[in-house]
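So the structure is just underneath, and the comments pick up after that.
The values are calculated or read from the model by the stated rules, or taken from the named source; none is laboratory data. Bear in mind the structure is a predicted one, so any value in this text is a computation, not a measurement. In this analysis, Cβ positions are derived from the backbone assuming ideal geometry, glycine residues included, and neighbour counts consider all displayed protein chains. Only protein heavy atoms, including side chains, enter the accessible area calculation; ligands, DNA and RNA are left aside. Shrake-Rupley method; radii C 1.70, N 1.55, O 1.52, S 1.80 Å.
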Amino acid sequence: MAKKLKRKTQKVHIAFTLNGEPCEVAFAPHKTLLEVLREDLNLTGTKHGCELGECGTCAVLVDRKPVLSCLVLGLTVEGREVTTVEGMQLADGSLHPLQTAFADLGAAQCGYCTPGFLLTAKELLEKNSKPTRDDIKEALSGNLCRCTGYIKIYEAVELAAARMRGEAAEVPEEVVLGLK
Amino acid sequence: MVDDEKNQKPTGDQEYEDTVVNIEGRRVTVRTRKVPPLPDWTETEIVGKALPRVDGIDKITGRAKYTYDIQVPYMLYAVAVRSPHPHARVKNISADKALAAPGVHGVMLPQDVASYTTAGLPLLTLNPKYTGEEIAVVAAETELQAEDAARLVKVEYEELPFVMDAELSKSDKSPVKFFPEGNFIGGGFGRHPIGKPSVYSRGDVEQGFKDSDQVFEETFTTQPQQHSCMEVHGTLAQWDDDQLTVWESTQGVYGVQEEIARVFKIPLSSIRVIGTHMGGGFGSKGGAGKQTALAVMMAKRTRRPVKMMLSRHEDYMGVYRPASTQYFKIGVKNDGRLMAIQLKTINPVGAYQSGANWGSCAAMTTEMYACPNVHTEEYAVFTNAPTPSAMRGPGNTQNAWGLEQMMDLIAYKLNLDPIEVRNRNDVKVDQVTNEPYASKGLAECYKMGAEKFSWEEKRRRRNDPAGTKKHGVGVASQIWGGGGGPPATAIVKINQDGSVNLLTGAADIGTGTRTVLSQICAEELGVPVNRIHVTNADTETTPYTLPSYGSITLASSGPAVRSAANDAKKQLFDLAAGSLGVKPDELSSKDGFIFVTRQPDKRMKFESAAAGMPERDLVGRGYRGPNPKGQALNAFGAQFCEVEVDTQTGEVRVLKFVAAHDSGRVINPHTFASQVKGGITMGTGYALSERRLIDGNTGIPVAASMLEYRPPTSLDAPIDIEVYSVDVPYKANNIGAKGVGEPPLIATAPAIANAVFNAVGVRIYSNPITPEKIMLALRDGKTAKQTA
Ligand code: FES
Ligand code: FES
């Protein structure tokens with residue numbers, strides 16, 4: 001006989017910085033950060049792909065480091081700084097160079113994996129302004145994409161990096177065409 | 001969805017005719033209206049340009065809402081209770097405890113849904129036939145409460161014998177009898193009697209083998225492949241009185257709507273299905289799933305909206321591309337000409353008859369190469385496994401693994417270039433229907449691909465005998481449908497400010513449908529693409545189209561969009577003609593201007609003409625007309641691959657792919673290349689890493705997660721992929737395009753296998769090509785036959 005399950009239903013209340021702004025939220029204590037973001041804060045840009053730490057679609061930045069939000073409890077971000085895709089825009093409201101590069105090159109097909117890639121790549125470019133192709137592959141190896149075949153994603157990260165360094169703002173035609 | 005009986009009703013109207021649509025290899029006759037022909041596009045301004053995706057910004061800002069993202073007030077979460085046994089009888093089932101659990105609003109048991117089936121499957125069952133089959137459903141206020149309560153549904157099972165192995169199931173010794181007539185049926189769509197294979201035959205194979213100089217016999221096997229869409233399958237259903245709204249991660253909102261109407265006998269007008277953004281389908285989301293019907297019913301019972309998203313684990317316990325065993329016998333002349341092909345295929349298709357639709361893979365063998373004598377025999381065999389579904393290039397992807405390796409093997413034995421053997425067996429006519437191909441650019445694909453790949457030079461290169469990293473090159477070809485067809489309707493609305501709404505029922509499953517259809521609309525109207533706002537995949541606001549399967553979307557909806565834009569343009573020209581003092585047919589439009597064709601400086605702005613519309617807007621309608629009679633509509637391609645095989649570890653690295661495809665006119669080189677690159681990466685997974693394993697002793701799936709199933713990561717994908725279109729003109733529809741969604745996957749895995757053979761001289765007959773199989777084959781110094 002299964003024992004009657006008693007789940008603590010009382011909510012916990014935390015304060016943290018979300019996308020640069022102070023945020024307070026109350027939620028059931030067992031909830032993952034992914035669930036808190038999506039269900040309690042309605043920020044559904046962070047995607048649910050597996051809830052097992054296997055796909056990277058749920059990646060967000062916590063104190064500027066990529067974290068799989070499906071694997072940490074919402075409680076753990078108390079007092080910390082969380083960035084989701086909704087907060088990637090620059091202070092003036094313009095898109096982050098990674099976002100423009102992904103859009104320019106069509107690095108998003110169905111787009112479901114895109115937020116996770118964007119945030120993971122953001123951290124990479126903050127650490128390393130001129131990553132090699134291998135650096136990029138390594139950094140993104142925890143993010144799965146079933147549509148694109150990754151190459152456009154690497155190219156987009158490279159283009160964004162170049163633009164952020166103030167070089168090569170133009171997209172090489174061959175890359176844009178994708179077709180030689 | 002297309003269903004023969006429904007479409008055979010004659011309308012008796014001269015405006016209509018019968019036409020054939022090829023969907024996933026099945027030829028369906030549908031009745032459709034004749035549409036006025038439009039002139040071929042000669043020069044284009046917008047079509048053919050690598051424009052960024054029109055919905056790119058939505059996707060990179062997180063604004064795009066997928067089914068999983070939709071939340072509505074008072075929403076409940078539904079979770080299924082699934083059978084832990086591959087075959088059992090439910091002796092007792094009780095929902096009392098679950099119903100009393102916190103937050104629970106409803107439990108449905110098999111007896112509650114006994115009168116319903118979807119796609120030939122019971123919604124819930126007392127007689128589960130595979131591990132993971134749905135027994136009950138629980139709905140609660142939170143997902144966790146639903147999961148907890150699902151565990152409280154008390155089910156007592158009587159375990160029954162089960163069978164996982166297709167050969168055993170097919171034999172007299174099978175511990176399970178699925179049907180009195182036997183445990184197999186003919187594979188493929190159509191009505192087949194149980195206990196008989198489906199057979200295709202032309203010529204006389206026995207005579208063909210006698211006339212051959214050499215005969216080769218080999219057996220190939222393929223693993224099941226799982227779609228692994230990044231967004232799992234799922235539904236959100238909400239009733240407002242008798243009006244139902246369903247958000248579904250789907251390839252076809254109309255297919256889902258029709259299925260709900262059929263299952264629950266409610267009018268189509270009461271059902272709205274929305275599927276605007278969706279996180280990948282690859283064939284697995286072609287229609288309604290069981291969870292669709294269950295969510296709809298549960299929402300009705302609980303009077304609350306119900307969301308039922310599968311977990312990743314459940315997703316991996318679900319649909320897949322079936323496995324195959326392919327017994328090939330091919331007779332050839334010494335010059336490489338094929339004289340006879342005999343092929344028997346065994347395709348395990350799960351426990352239900354509907355799975356047999358996908359239990360066929362011989363079609364490619366019957367049409368790819370010229371051969372007068374062909375005999376194929378296909379067995380769809382029942383086992384205690386889940387029901388398969390379509391998956392990207394169903395049938396041909398399995399078959400290419402065998403056929404394209406056979407061609408490679410023949411070339412090797414005859415000491416011929418594999419391209420030469422293929423070219424010597426080129427054929428301009430579909431040998432099954434005897435219809436000529438409307439266009440076939442395969443020879444061009446070989447030529448262009450070989451040149452860009454430096455095929456001859458790379459083939460001549462020799463590996464250092466002492467080295468442990470061996471390079472090898474391989475090639476494989478593909479054929480697929482992709483000609484599209486009716487029904488597909490589009491609506492183009494011009495607003496009084498000159499802005500345009502394009503309404504299409506077509507799904508954008510990541511392929512770029514929204515973008516390419518906007519380009520077609522903009523091209524025909526002669527306005528920039530940013531003037532067009534496209535709304536798609538919503539049964540309430542967009543017109544009918546078939547689901548996005550069979551690579552038919554572009555070639556089905558594209559021509560309808562062009563016709564709709566043309567209809568709208570003509571109406572606007574009627575108004576503009578007065579202002580410009582000419583007749584409407586003397587007008588053209590381009591770059592946002594309407595002008596007199598012979599006197600281009602006599603012109604007015606598109607929006608000025610729109611401002612003069614007395615009704616304030618106008619609506620153009622377009623329909624997909626019939627396909628040309630007596631022509632075969634197919635897309636072709638050839639892929640060249642270079643691998644490096646480590647003879648010390650057995651590891652294979654894919655260094656390069658060059659893909660040359662014939663898909664007619666490329667509407668957007670960007671989205672075209674993306675399809676091909678994504679397809680090749682998926683094919684690389686099929687060749688090297690992906691495997692769906694069910695434990696034969698317990699009937700339980702053991703690789704039901706991404707980590708274990710292993711779709712390619714950034715470290716496994718090919719290092720470089722070059723994509724080319726051969727641009728062979730195609731005139732079978734008014735936009736000149738064929739589909740490209742599925743073709744790129746078909747040739748990939750055999751190209752890799754052929755390259756591995758070229759590198760190390762061992763042929764791997766079963767996918768995935770694991771390091772273990774290579775090491776065993778190298779150790780034995782011969783080809784690895786069916787290593788498990
Ligand atoms: S959802 Fe977090 S890793 Fe997949
Ligand atoms: S774009 Fe679809 S999964 Fe990456």
Long-range neighbours under 7 Å by Cβ, at least six apart or interchain, first residue within 7 Å of chain B (Cβ to nearest Cβ) and closer than 26 Å to residue A:34 by Cβ within region A:88-115, second aromatic (Phe, Trp, Tyr) and assigned to a helix (DSSP H, G or I): A:108/A:102; A:114/A:102
Total residues in region A:99-119, condition within 13 Å of ligand 2 (Cβ to nearest atom) and over 20 Å from residue B:249 (Cα atoms): 7
Cβ-Cβ distance below 7 Å, separation of 6 or more or different chains: which pairs start in region A:158-180 with a residue that is away from every other protein chain (no Cβ under 12 Å) and modelled with pLDDT under 70 and end on one that is in a helix (DSSP H, G or I) and open to solvent by less than 70 Å² (accessible area, probe 1.4 Å)? A:168/A:162; A:169/A:163
For the subset of region B:663-700 comprising residues that are modelled with pLDDT of 95 or more and assigned to a loop (DSSP other than H, G, I, E, B), which member is farthest from ligand 2 (Cβ to nearest atom)? B:665
Taking the stated definitions as given, is residue B:113 under 31 Å from the mean Cα position of the chain (by Cα), open to solvent by less than 30 Å² (accessible area, probe 1.4 Å), within 17 Å of residue B:309 (Cα to Cα) and of a type in the set (Val, Ile, Thr)? no
Looking at region B:555-596 only, could you name the residues that are in contact with a strand residue (DSSP E or B) (Cβ under 9 Å, 6 or more places away or on another chain), small (Gly, Ala, Ser) and free of Cβ contacts under 8 Å to residues at least 24 places away in the same chain? B:577, B:581
Between residues in region A:133-150 that are outside the structural domain of residue A:50 (by TED's automatic domain parsing) and over 12 Å from residue A:120 (Cα atoms) and residues that are surrounded by 15 or more Cβ atoms within 10 Å (Cβ to Cβ) and β-branched (Val, Ile, Thr), which pairs lie under 6 Å by C-beta distance while being six or more apart or on different chains? A:149/B:681
Which count do you get for residues in region B:62-101 that are open to solvent by 70 Å² or more (accessible area, probe 1.4 Å) and part of a loop (DSSP other than H, G, I, E, B)? 4
Report every pair of residues separated by at least 6 positions or lying on different chains whose Cβ atoms are under 6 Å apart, first residue within region B:33-60 and farther than 30 Å from residue A:119 by Cβ and assigned by TED's automatic domain parsing to the domain that holds residue B:521, second among the β-branched types (Val, Ile, Thr) and outside any helix (DSSP H, G or I). B:47/B:667
Do the conditions hold for residue B:90, that is, is it farther than 30 Å from residue A:102 by Cβ and within 13 Å of chain A (Cβ to nearest Cβ)? no
So which of B:376, B:365, B:345 ends up being β-branched (Val, Ile, Thr), farther than 15 Å from residue B:186 by Cβ and surrounded by 22 or more Cβ atoms within 10 Å (Cβ to Cβ)? B:365
Inspect region A:154-174 for any residue being of a type in the set (A, V, I, L, M, F, W, C) and within 16 Å of ligand 2 (Cβ to nearest atom) and give the result as yes or no. yes
Got at least one residue in region A:120-129 being at the interface with chain B (Cβ under 9 Å from one of its Cβ atoms) and touching a residue at least 24 places away in the same chain (Cβ under 8 Å)? no
Which numbered condition residue B:446 misses (of (1) among the hydroxyl-bearing types (Ser, Thr, Tyr); (2) in a loop (DSSP other than H, G, I, E, B); (3) open to solvent by less than 20 Å² (accessible area, probe 1.4 Å)): (2)
I'd like the residue in region B:30-44 that is surrounded by fewer than 17 Cβ atoms within 10 Å (Cβ to Cβ) and of a type in the set (Val, Ile, Thr) and, out of all such residues, is nearest to the other protein chains (Cβ to nearest Cβ). B:44
Against the conditions (1) under 24 Å from residue B:734 (Cβ atoms); (2) surrounded by fewer than 16 Cβ atoms within 10 Å (Cβ to Cβ), where does residue B:579 fall short? Just the number, please. (1)
Hey, could you check region A:40-53 for residues that are in contact with a strand residue (DSSP E or B) (Cβ under 9 Å, 6 or more places away or on another chain) and more than 25 Å from residue B:704 (Cβ to Cβ) and say which is nearest to the other protein chains (Cβ to nearest Cβ)? A:44
Going through region A:13-30 one residue at a time, which ones are within 20 Å of residue B:143 (Cα to Cα) and touching a Ser or Thr at 6+ places or on another chain (Cβ under 9 Å)? A:28
Considering each of A:41, A:33 in turn, give the residue that is open to solvent by 10 Å² or more (accessible area, probe 1.4 Å) and more than 16 Å from ligand 2 (Cβ to nearest atom). A:41
Consider only pairs whose beta carbons are under 9 Å apart and that are at least six residues apart or on different chains; among these, list those whose first residue lies in region B:219-230 and is more than 18 Å from residue B:282 (Cα to Cα) and within 14 Å of chain A (Cβ to nearest Cβ) and whose second residue is part of a loop (DSSP other than H, G, I, E, B) and within 16 Å of ligand 2 (Cβ to nearest atom). none
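Here's the yes/no breakdown for (1) open to solvent by 20 Å² or more (accessible area, probe 1.4 Å); (2) under 25 Å from residue B:730 (Cα atoms):
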position	(1), (2)
B:486	no, yes
B:496	yes, no
B:514	no, yes
B:517	no, yes
B:523	yes, yes
B:556	no, yes
B:559	no, yes
B:573	no, no
B:591	yes, no
Given B:199, B:232, which one is away from ligand 1 (no atom under 16 Å from the Cβ), among the aliphatic types (A, V, I, L, M) and within 30 Å of residue B:165 (Cα to Cα)? B:199
I'm trying to understand the selection: among the residues of region B:271-324, which are within 16 Å of ligand 2 (Cβ to nearest atom) and in a loop (DSSP other than H, G, I, E, B)? B:275, B:276, B:278, B:279, B:280, B:281, B:282, B:283, B:284, B:285
Please state which of the following conditions residue B:47 fails to meet, knowing it meets all the rest: (1) within 26 Å of residue A:60 (Cα to Cα); (2) hydrophobic (A, V, I, L, M, F, W, C); (3) out of contact with any strand residue (DSSP E or B) (no Cβ under 8 Å at 6 or more places or on another chain); (4) buried (at least 19 other Cβ atoms within 10 Å of the Cβ). (1)
Tell me whether region A:17-35 contains one or more residues that are away from chain B (no Cβ under 14 Å), within 11 Å of ligand 1 (Cβ to nearest atom) and among the aliphatic types (A, V, I, L, M). yes
Which members of region A:114-154 meet the condition of being more than 23 Å from residue B:671 (Cβ to Cβ), within 16 Å of ligand 1 (Cβ to nearest atom) and of a type in the set (A, V, I, L, M, F, W, C)? A:119, A:139
When you look at residue B:285, is it surrounded by 24 or more Cβ atoms within 10 Å (Cβ to Cβ), more than 16 Å from ligand 1 (Cβ to nearest atom) and of a type in the set (D, E, K, R), yes or no? yes
